[in-house]
1. Being part of a loop (DSSP other than H, G, I, E, B) and among the aliphatic types (A, V, I, L, M) is the requirement here; does Leu18 meet it?
2. Could you please let me know if Ala33 is farther than 20 Å from Asp13 by Cβ, among the aliphatic types (A, V, I, L, M) and in a helix (DSSP H, G or I)?
3. Can you give me the number of residues within the stretch 3-30 that are polar (S, T, N, Q) and closer than 12 Å to Ile50 by Cα?
Amino acid sequence: MSKLELKGLSVQDLNDELQSVEKHFYSLKFNNAASTLENTAEIKTVRRNIARLKTELRARELAESTQKRDKIQLRRSIAKKIKK
């Protein structure tokens, strides 16, 4: 899962994908503890995919809050100019 693929998804799609990847991760961990996995490196790649998803979600959250903050600051500066 590349960063470009994540950019095209909506927030709801990212959350859904995160849930499914986390379920897969926990099943891999359980299977690894109970018996041996054929490809133990898959745990590492799934863990990194979870990190990519969470990073993209957080970046979108921060971008949204920054936009809101900028709008509020703009309104306040206009209000100060009007009062003068």
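The values are calculated or read from the model by the stated rules, or taken from the named source; none is laboratory data. Treat the numbers as computed from the prediction; the structure is a model and nothing was measured. In this analysis, Cβ positions are derived from the backbone assuming ideal geometry, glycine residues included, and neighbour counts consider all displayed protein chains.
1. Details: part of a loop (DSSP other than H, G, I, E, B): no; among the aliphatic types (A, V, I, L, M): yes.
For Leu18, the condition - part of a loop (DSSP other than H, G, I, E, B) and among the aliphatic types (A, V, I, L, M) - is not met.
2. Details: farther than 20 Å from Asp13 by Cβ: yes; among the aliphatic types (A, V, I, L, M): yes; in a helix (DSSP H, G or I): yes.
So Ala33 passes the test.
3. Let us first name the residues in the stretch 3-30 that are polar (S, T, N, Q), namely 10, 12, 15, 19-20, 27.
Checking the rest, the ones that are also closer than 12 Å to Ile50 by Cα come to 15, 19-20.
Within the stretch 3-30, residues that are polar (S, T, N, Q) and closer than 12 Å to Ile50 by Cα number 3.
Conditions (1) under 17 Å from Leu4 (Cα atoms); (2) modelled with pLDDT under 95; (3) surrounded by 11 or more Cβ atoms within 10 Å (Cβ to Cβ); (4) touching a Cys at 6+ places or on another chain (Cβ under 8 Å), marked per residue:
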residue: His24; (1), (2), (3), (4): no, no, yes, no
residue: Ala33; (1), (2), (3), (4): no, yes, no, no
residue: Glu38; (1), (2), (3), (4): no, yes, no, no
residue: Ala41; (1), (2), (3), (4): no, yes, no, no
residue: Arg48; (1), (2), (3), (4): yes, no, yes, no
residue: Leu57; (1), (2), (3), (4): yes, yes, yes, no
residue: Lys71; (1), (2), (3), (4): no, yes, no, no
